[in-house]
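For reference, the structure discussed in these notes is given below.
The values are calculated or read from the model by the stated rules, or taken from the named source; none is laboratory data. Because the structure is a prediction, the values reported are computed rather than measured. FYI the Cβ positions are ideal-geometry reconstructions off the backbone, even for glycines, and counts take in every protein chain you see. With ligands, DNA and RNA removed, areas are computed over all heavy atoms of the protein, side chains included. Shrake-Rupley method; radii C 1.70, N 1.55, O 1.52, S 1.80 Å.
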Amino acid sequence: MSADTAAITDRPAWAGRFANWNVAIIALTVLVLIVASASVDNFGTSQNFGFLVLDLLPIALVALPMTLVIVTGEIDLSVASTLGLSSALMGYLWNANQPIETIIPVCLLLGAVLGAVNGFFVTVLGLPSLAVTIGTLALYRGLAFVVLGDSAVADFPALYTDWVTGTIGGTSIPNVLIIVVVLAIVFGVVLHATPVGRAVFAVGASEQAARFAGVRPGRLKFWLYVVSGLVAGLAGVLWTLRYSSARADNGAGLELAVVAAVLLGGVSIFGGKGALPGVIAGVVLLASLQNALRLSDVSNEALNVVTGVLLIASVLAPNLANAVRSAVQRRRHRTESTPGSPSRKDLS
Amino acid sequence: GGTTKESTAGDATAAPSSSTSAAADPNAPLKEGLKIAYLPKQLNNPYTDVEVGGGKVAVGELKGEYKLVGPNDASASSQVSYINTLIQQQQDVIVVAANDPNAVCPSLNQARKAGIKVVTFDSDAAKTCRDAFINQATTQGIGESLVKMASELAGGSGEIAVLSATPNATNQNSWIEVMKTELAKPANAKLKLVKIAYGNDDDQKSFTEAQGLLQTYPNLKVIVSPTTVGIAAASRYVSSSNYKGKVAITGLGLPNQMRKFVKDGTVKKFALWNPADIGYLAAYAGGALASGQITGAEGEKFKAGKLGDYTVGASGEIVLGPPTEFTAANIDQFDF
Amino acid sequence: MTAVGLPGVTARRSSLDLVLRARELGIVLALILLVAVTAISNPRFLSGQSIRDILLGTAILAVLAVGQAVVVITRNIDLSVGSVLGLSAFTVGTLLRDNPGLPVVVALLVGAAVGGICGALNGVLVRYGNVPALVVTLGTLYVVRGITYFWAGGQQINADELPAGFLDFGNATLVSVPYLVLIALLVLVVTGLVLRSYRAGRELYAMGSSPQAAKLAGIAVGRRTVAAFLVSGALAGLAGVLFAARFGTIDAAAGTGYELNVVAAVVVGGVAVFGGSGSVWGAALGALLLTTIGSALAVLEINQFWQQAIVGGLILLAIGADRLVAARVAATLKKRGSHVG
Amino acid sequence: MATDAPVLRVREVSKSFGAVAAVQNVSFDLYGGEAHALVGENGAGKSTLVKMLAGVHRPDSGTLELDGAPIELSTPADAKAAGIAVIYQEPTLFPDLSVAENIAMGRQPLGRFKTIDRAAMQRQAEQLFARLGVSIVPNRPARGLSIADQQLVEIAKALSADARVVVMDEPTAALTGVEVERLFAVARSLRDDGAALVFISHRFEEITALCEKVTILRDGKHVSTDPLAGLSVDEMVRRMVGRDLDALFPKQDVAPGAVVLSVRGLRRDPVFVDIDFEVRAGEIVALAGLVGSGRSEVVQSIFGVDPRDGGTVEVGGRKLKPGSPRAAMAAGVALVPEDRRQQGLLMELSIERNVTLPRSRALSQLGFLTGSSERRSAKEWTKRLKTKYGRLSDEVGTLSGGNQQKVVLAKWLSMAPKLLIVDEPTRGIDVGTKAEVHRLMSSLAAEGVAVLMVSSELPEVLGMADRVLVMREGRLVAALDRADATEESVMFAATGQEVTV
Ligand SMILES: Nc1ncnc2c1ncn2[C@@H]1O[C@H](COP(=O)(O)OP(=O)(O)OP(=O)(O)O)[C@@H](O)[C@H]1O
Ligand SMILES: Nc1ncnc2c1ncn2[C@@H]1O[C@H](COP(=O)(O)OP(=O)(O)OP(=O)(O)O)[C@@H](O)[C@H]1O
Ligand SMILES: [Mg+2]
Ligand SMILES: [Mg+2]
């Protein structure tokens, strides 16, 4: 649905606009961090930094593959349910007295398999991903309840839970930040500096044209779904260890937060456009705003409103700026040539 | 090889994190200006509002600073974020209803390490990570009273069903366990528990589940719903369907929500403790902890304003008292 | 993407038409099968009360699904419907609590108006702000819900605070068909007719089928987009009133998470998520199927824990079957490829 | 025959996109009963001018006058209301709607209660198709129509509007002789009924066959408006490009080398069957035939973007894996597809990304791409093909049609293929570029590349090919050597009957 939008728009190249937006969102994030540190009590403390990182961990993780999936023009709404099922299986196996060293790889594998199921429906059967992953969103969450039922499994080994909640050496940098940073670099490099990344953008811009250029869109998407599932499975493991509680309803509703963060990061929902640094900034921006507002005793409902407004504004603002710019330009044109002709809205 | 549940079972219990080793001083003066924060399971829930309303009154009496925070989604993970925030804000007491007994534990212990007293109410956290727990009634007492009401309404024999909250609601599950033990007793041999349905504390889901129960079990005599959302939804369904008068509803409910159904005869009796008192008692318990009057050890005593004197029970439990039964005769005396 | 609802059925019935017919037939068959299996295992499933309950449940979802279908046909999506339903339900609840004498019709209009305003806002942002619908409505999903929470706080409007007349409306029937169902049917028929046989309706399909071409064809894309969102919003508002009447208890959380159900109903009903095809009839059938599944699973005594998983599985099945039909249509078209003659 | 007063006057209109001045101060008059040609190189501003007449773009300055009164066309609806019907360069159909509805959109016949009268709508479409002499089923959806059929539906749409001004932006680009003739017959009858026609084409024989006047544009500027009668083609070309042109079909004679492509028994149901042929190094083989005869399907199947149901394809002696463009590319095959918007280009990505996409692996170092090698390669190839663009990072969708085609060519030529398959390589590109492309194909063949060319343009086929293979209804019906290939022999094979050209 993306290929036919370009030809008759009056806008200047999206590429340029988009690069600006990526810089803008990063600048905005830095600004929010600075302002919050200066004006919100306790925001800048190292302990709070740790909390902040732990809070944004699952969203950041899941957002990485989600970015790639959305750039190809698809979507994966089942990630939170995959996280939940991974967590539920972890609890089930732990209850069954399996060693944690086995459980963790099994949960990761499960995530990959669940992703592969999505990939199968989307690429092999060619079904729309929005519909498929709404289906698996319900299916996987349901299976999580089937696996673990109503119980919550606790007392995971302290060695692991402590590592997840702990910090590096004497610093206040959480251990899990290492995972996020490493994965973010990997995903960033893959998306922006490898042939695979070029293919991801190509598929998002036009699947058919990509196929004519030797890209295998089906395969590519299939593996992206597998990776998305795998990372969601990992997020399930980390979630379970962080809260030391395996439950079927873990992470419920996270998918919307992840999609919101990715879109806030400037990724086009129609595919073909986006960049990972912007997405990371989007995740950090949302999490730190929430953290700061909570510390300022702003209520939860305000957080909702802020999230929503920010999301819309993130796309609206550059559009408006653009419209203003071209209106000014046009006016200049008009006054130069034919003064007095009435101005109207252009069609675009 | 590897780390399994059994191999770690030992050290899990061997890690008592009681940070308060100081002895209690029953005569210590109650501190003023204490910052007491309430973190219920979920904000914007009528039952919760009544509870924390009681807390607000008590904090006022204690001349402390009252604060209410909480998520809209009843999840443990959001609660953890709030606990972290409260730690940053250096509260003196956190009064929390845990959405998951274990998930909130590490954060609560971090809070206690920072010198914050933790009182749980409504729904307990693991015993190792809080100083005291305000129990609305003993689990045993509630379970027994639910069976007693059901038996009376069923006339001693017949099919009954339970409409609970979520499948993993700690409270409800422990009450249902007690109910099962009670029902196994010879005195209740003729009562048959046919189904436990879950309405997820969601009004609509409970409504649909009540429908399903009545369709599936035509001979059902009583629906016992040990949750305020469930009992209201079930009553509403029955009162508007042709099951009205044939099937009795009972359980735990809020008088204001149930008044209509008690008046129109759908519901003969139901029970509840006074939720405002729970919040009220929690504030005093927190105050006593923060002032050093008690440490949470068994046998310690403290005063709880208008509610009188309380004694800390085993493993830091403080029991509010027996539940009240509401009927058409007395319901108008209550407003919550 | 699939080709559905081909207009211009000629007098002679071709194999193509039959295949197309089979598509909504598929949902109907699934429905019949489900009802039959359930009824055999528990005949009370077919009792008057039970059918009434299913229809009442469907009525609300169907009204939402019809609105959603209108938006999806234009190649957009409205994720804010659950939140809009909540806001409308609470508005109407408060209004009725404070003015018990208010006629039901006014309540319906107020609800629709509240929803319509939200919808128009969505439409304006999508159209004139140039923001993708998914982004806008994901945003308003949060914003509208937040506003409702702000306003409602912990308040709950209980059945005993609402006027009896309004609650009766939620249960009363006209020749044993509940009013709620009648309203849903009315909405369905009117929308279905406009989409099928009026220029404005066909233009919605055109916009969804190719936004670019729609612009060039001189279709007032802006006005139509806003109108589609307005309809979706207004119907979500209307559904809010029906919700209040049916359930009697309203708090700020009413309708939370509905958006996914509604989208699922629309998709199961065969409306293509990339616009341009599908019908509101399909969407309404999808809503009926999902509601019936929910009821049947409860009646069949299927383990509570399995229910959600089964619903998910059925959604996948439905869209998979839909795909099969679409593939057959495509094959038929290929055979009938035209040549210059 | 033409009216005395102009129906539509275009006065001093200009339009820029950012820094690109697409149209600058162009004026001409359109008279009823007259067909007016617009010619110019790719990117000269023809389509932009058309879009201003259509209300898609608003002129930055200048005015349009309808019947002597200034008129503002701010939306396509305004243009429609003013009686201006437009056939755009790129088809603009609604794939999900029926053909009949596509034609009637916005003007559907109404019945009772203002509901749409479907039967009447259907009849209307049938009548239009009868007039155009085509047999498209009116109640089938537009999805799946071949480009030619889409173009025909567009024409039917414009006819149905009963417009006073009919603007046709390269309506014949996808059509072959027969359909073009039919179109012209219809166009002439419109003209004789008093409509003003605007006709754009890169084929001069079409222009001379249909039009009375011609306006020539160069780089967005107006060069001249003259009656066609006194103007030679050479003069037009000179005015368009500003210089004299090389020979159009600079075919070099090359001794064919080893067999590069060998196709045996290739079959795909129900589109084509029994396809056998070979292409040798240094040879240019043309695949001719009518629209819909299956030529594109054959080459797509060879390249692997389409599956095949039987047969083998060998390149350089090695069998190609079916259904794998990647394998074909690895074997040195490149395909320039016929539909550049859908198949050739990623419209929203930059020129640079488009040009280097098939080679991103080759351009990477240790698997990583830094961008500089891509930029270098893109710059080199766009320059070689004289592509007109602002910056390499511009969206390809903002280029003019012909320049887009050059980007597609650049993309595949940069691969240095052993076998180059081109499907309608010069569709929609101007004479200058066409000569350029032909020279390029020729020199590639001279370097030993095997070239397989699908083309609907007979002069191109005859001028370029060493051998001509003709397809009819999915079968190879003739293989003609350069010496035997004439317009008559090719058309005879393609249609199976005698035709007068
Ligand atoms: N939407 C747009 N945004 C930016 N530039 C544009 C846009 N549309 C056209 N242009 C530029 O305007 C110039 C004129 O383009 P136009 O499409 O009018 O050429 P044309 O004469 O129709 O060429 P062709 O014969 O190749 O179709 C070109 O340089 C093109 O790149
Ligand atoms: N996408 C499609 N769906 C269905 N049928 C198609 C499709 N594309 C082509 N066809 C049919 O396949 C046959 C061969 O078409 P093809 O495009 O290969 O012809 P061609 O000889 O290349 O003509 P052209 O000049 O249009 O390229 C025709 O009958 C056409 O109608
Ligand atoms: Mg052009
Ligand atoms: Mg072709």
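Against the list (1) over 25 Å from D:GLY401 (Cβ atoms); (2) facing chain C (nearest Cβ under 9 Å), the condition D:ALA130 fails is (2).
Of the residues making up segment D:169-194, those that are touching a helix residue (DSSP H, G or I) at 6+ places or on another chain (Cβ under 8 Å) and either more than 14 Å from chain C (Cβ to nearest Cβ) or over 24 Å from D:GLU338 (Cβ atoms) (or both) number 8. Of all residues in segment D:403-412, one or more are within 16 Å of ligand 3 (Cβ to nearest atom), away from chain A (no Cβ under 14 Å) and open to solvent by 10 Å² or more (accessible area, probe 1.4 Å).
Here's a check for you: in segment D:124-138, which residue that is out of contact with any Lys or Arg (no Cβ under 9 Å at 6 or more places or on another chain) and within 16 Å of ligand 2 (Cβ to nearest atom) is modelled with the highest pLDDT? Taking the candidates together, the pick is D:PHE129.
Among residues belonging to segment D:161-186 that are free of Cβ contacts under 8 Å to residues at least 60 places away in the same chain and open to solvent by less than 20 Å² (accessible area, probe 1.4 Å), point out the one that is farthest from ligand 4 (Cβ to nearest atom). Checking each candidate, the answer is D:VAL186. Only residues that are of a type in the set (Lys, Arg), assigned to a helix (DSSP H, G or I) and within 16 Å of ligand 3 (Cβ to nearest atom) were counted in segment D:186-214, giving 0. Considering segment D:426-464, and only residues there that are farther than 15 Å from D:THR172 by Cβ and within 16 Å of ligand 2 (Cβ to nearest atom), the residue that is farthest from the other protein chains (Cβ to nearest Cβ) turns out to be D:VAL461. Starting from residues that are closer than 23 Å to C:LEU79 by Cα and of a type in the set (A, V, I, L, M), keep the ones in segment C:140-169 and report whichever is surrounded by the most Cβ atoms within 10 Å (Cβ to Cβ). Checked segment C:140-169; the qualifying residue surrounded by the most Cβ atoms within 10 Å (Cβ to Cβ) is C:VAL144. Residue check: is D:LYS15 buried (at least 18 other Cβ atoms within 10 Å of the Cβ), over 23 Å from the mean Cα position of the chain (by Cα) and within 10 Å of another protein chain (Cβ to nearest Cβ)? Yes.
When C:LEU242, C:LEU290 are screened for being out of contact with any Lys or Arg (no Cβ under 6 Å at 6 or more places or on another chain), outside any loop (DSSP other than H, G, I, E, B) and open to solvent by 10 Å² or more (accessible area, probe 1.4 Å), only C:LEU290 passes.
When D:VAL305, D:VAL285 are checked against the criterion of being in contact with an Asp or Glu (Cβ under 9 Å, 6 or more places away or on another chain), of a type in the set (A, V, I, L, M), away from ligand 1 (no atom under 16 Å from the Cβ) and open to solvent by less than 30 Å² (accessible area, probe 1.4 Å), D:VAL285 stands alone in meeting it. When residues in segment D:63-84 are screened for being at the interface with chain A (Cβ under 7 Å from one of its Cβ atoms) and buried (at least 20 other Cβ atoms within 10 Å of the Cβ), 1 of them pass. Remark: D:LEU320 matches the filter, which requires a residue to be more than 16 Å from ligand 4 (Cβ to nearest atom) and within 14 Å of chain A (Cβ to nearest Cβ). Within segment B:61-81, can one find any residue that is over 24 Å from C:TYR149 (Cβ atoms) and free of Cβ contacts under 8 Å to residues at least 24 places away in the same chain? No, the conditions are met nowhere in segment B:61-81. For segment C:76-85, indicate whether the set of residues that are of a type in the set (A, V, I, L, M, F, W, C) and free of Cβ contacts under 8 Å to residues at least 12 places away in the same chain is non-empty. There is no residue in segment C:76-85 that is of a type in the set (A, V, I, L, M, F, W, C) and free of Cβ contacts under 8 Å to residues at least 12 places away in the same chain.
Residues that are of a type outside the set (Phe, Trp, Tyr) and part of a strand (DSSP E or B) were ranked within segment B:53-83; the one that is surrounded by the fewest Cβ atoms within 10 Å (Cβ to Cβ) is B:GLU65.
Within segment D:354-364, at least one residue is assigned to a loop (DSSP other than H, G, I, E, B) and surrounded by fewer than 21 Cβ atoms within 10 Å (Cβ to Cβ).
In the condition set (1) outside any helix (DSSP H, G or I); (2) more than 9 Å from chain A (Cβ to nearest Cβ); (3) under 23 Å from the mean Cα position of the chain (by Cα); (4) of a type in the set (Val, Ile, Thr), D:ILE302 is compliant with all but (1). Set side by side, the residues D:ALA450, D:ALA410, D:ALA446 differ, and just one is within 30 Å of D:ALA19 (Cα to Cα), at pLDDT 85 or above and out of contact with any His (no Cβ under 6 Å at 6 or more places or on another chain), which is D:ALA410. Look at segment D:29-56: where a residue is open to solvent by 10 Å² or more (accessible area, probe 1.4 Å) and within 13 Å of ligand 3 (Cβ to nearest atom) and a partner is part of a strand (DSSP E or B) and of a type in the set (Asp, Glu), sitting 6+ places away or on another chain with Cβ atoms under 6 Å, you get D:SER47/D:ASP169. Can you say whether D:GLY432 is in contact (Cβ under 8 Å) with a residue 12 or more places away in the chain, of a type outside the set (Phe, Trp, Tyr) and on the phi > 0 side of the Ramachandran plot, as far as the supplied structure shows? Taking the combined requirement at face value, the residue does not satisfy it. Name the one entry in B:ALA197, B:ALA232 that is within 14 Å of another protein chain (Cβ to nearest Cβ) and touching a strand residue (DSSP E or B) at 6+ places or on another chain (Cβ under 6 Å). None of the other options fit; the residue is B:ALA197. Are any of the residues in segment D:269-277 out of contact with any helix residue (DSSP H, G or I) (no Cβ under 9 Å at 6 or more places or on another chain), outside any strand (DSSP E or B), away from ligand 4 (no atom under 12 Å from the Cβ) and away from chain A (no Cβ under 14 Å)? Yes, that holds for at least one residue. Among the strands (runs of 3 or more DSSP E) confined to segment B:86-195, there are none with at least 3 residues that are touching a helix residue (DSSP H, G or I) at 6+ places or on another chain (Cβ under 8 Å) and acidic (Asp, Glu).
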